[in-house]
1. Within segment 21-41, can one find any residue that is modelled with pLDDT of 95 or more, under 20 Å from Val86 (Cβ atoms) and either crowded, with 16+ Cβ neighbours inside 10 Å or within 10 Å of the chain's Cα centre (by Cα) (or both)?
2. What helices (runs of 4 or more DSSP H) lie completely within segment 31-117 and have 2 or more residues being polar (S, T, N, Q)?
3. Considering only residues that are farther than 18 Å from Arg18 by Cβ, assigned to a helix (DSSP H, G or I) and over 17 Å from the mean Cα position of the chain (by Cα), which ones fall in segment 118-127?
4. Of these, Leu27, Leu36, Leu58, Leu44, which one is under 20 Å from Val104 (Cβ atoms) and in contact with a Gly (Cβ under 8 Å, 6 or more places away or on another chain)?
5. Of Gly52, Gly48, Gly89, which residue is over 19 Å from Thr140 (Cα atoms), small (Gly, Ala, Ser) and at pLDDT 95 or above?
6. Collect the residues in segment 84-134 that are surrounded by 11 or more Cβ atoms within 10 Å (Cβ to Cβ), within 17 Å of Ala45 (Cβ to Cβ) and among the basic types (Lys, Arg), keeping them in residue-number order.
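The values are calculated or read from the model by the stated rules, or taken from the named source; none is laboratory data. Bear in mind that the values here come from a model prediction, so they are computed numbers and not experimental data. No Cβ is skipped: glycine too gets one built from the backbone with ideal geometry, and neighbour counts run over all protein chains shown.
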Amino acid sequence: MKSESVSSEWSALLALQRATHATLQVLSAELVDLDLTSSEINALANLGDGRGRTVSELGAAVGTRPTTLTSVLDRLERRGHITRGVRPGDRRAVLIELTPSGRVAAATIRRAIADVEHRALDGLPSGAIAHLRTALQALTEVRS
């Protein structure tokens, strides 16, 4: 959909921003006992598959620059949810991995995300969800 002027009620980007804020509020409320910011929730959720990542890889996964991610990682490390180590074969790369408490928090977060996603998207045809994922990927890859 190419248009010079997109009204706010039809703007996919504004709808995405509204949806992002709404889901972050729901997740924050459901995960209040974890006492984490939305950025910390995002980082732990992305590490929740159990695969360690470099700061650059995690930054790409969470959608932020590695320099911005540093303070999030500092807080998660202080709370004992992650460790920073050396990537085997590349001593210059810092490898971020979950600790046991981080794995518990990440599993809790991933369950909450799956629950919110199920509540929001249940009843939509699978084709619509596939199109949504395609559109979200396209927005993720936009460059200036």
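1. no
2. 38-47, 66-78
3. Ser126, Gly127, listed by residue number.
4. Sole residue among the options that is under 20 Å from Val104 (Cβ atoms) and in contact with a Gly (Cβ under 8 Å, 6 or more places away or on another chain): Leu44.
5. Just one listed residue meets the conditions, Gly48.
6. Across segment 84-134, the qualifying residues are Arg103, Arg110, Arg111.
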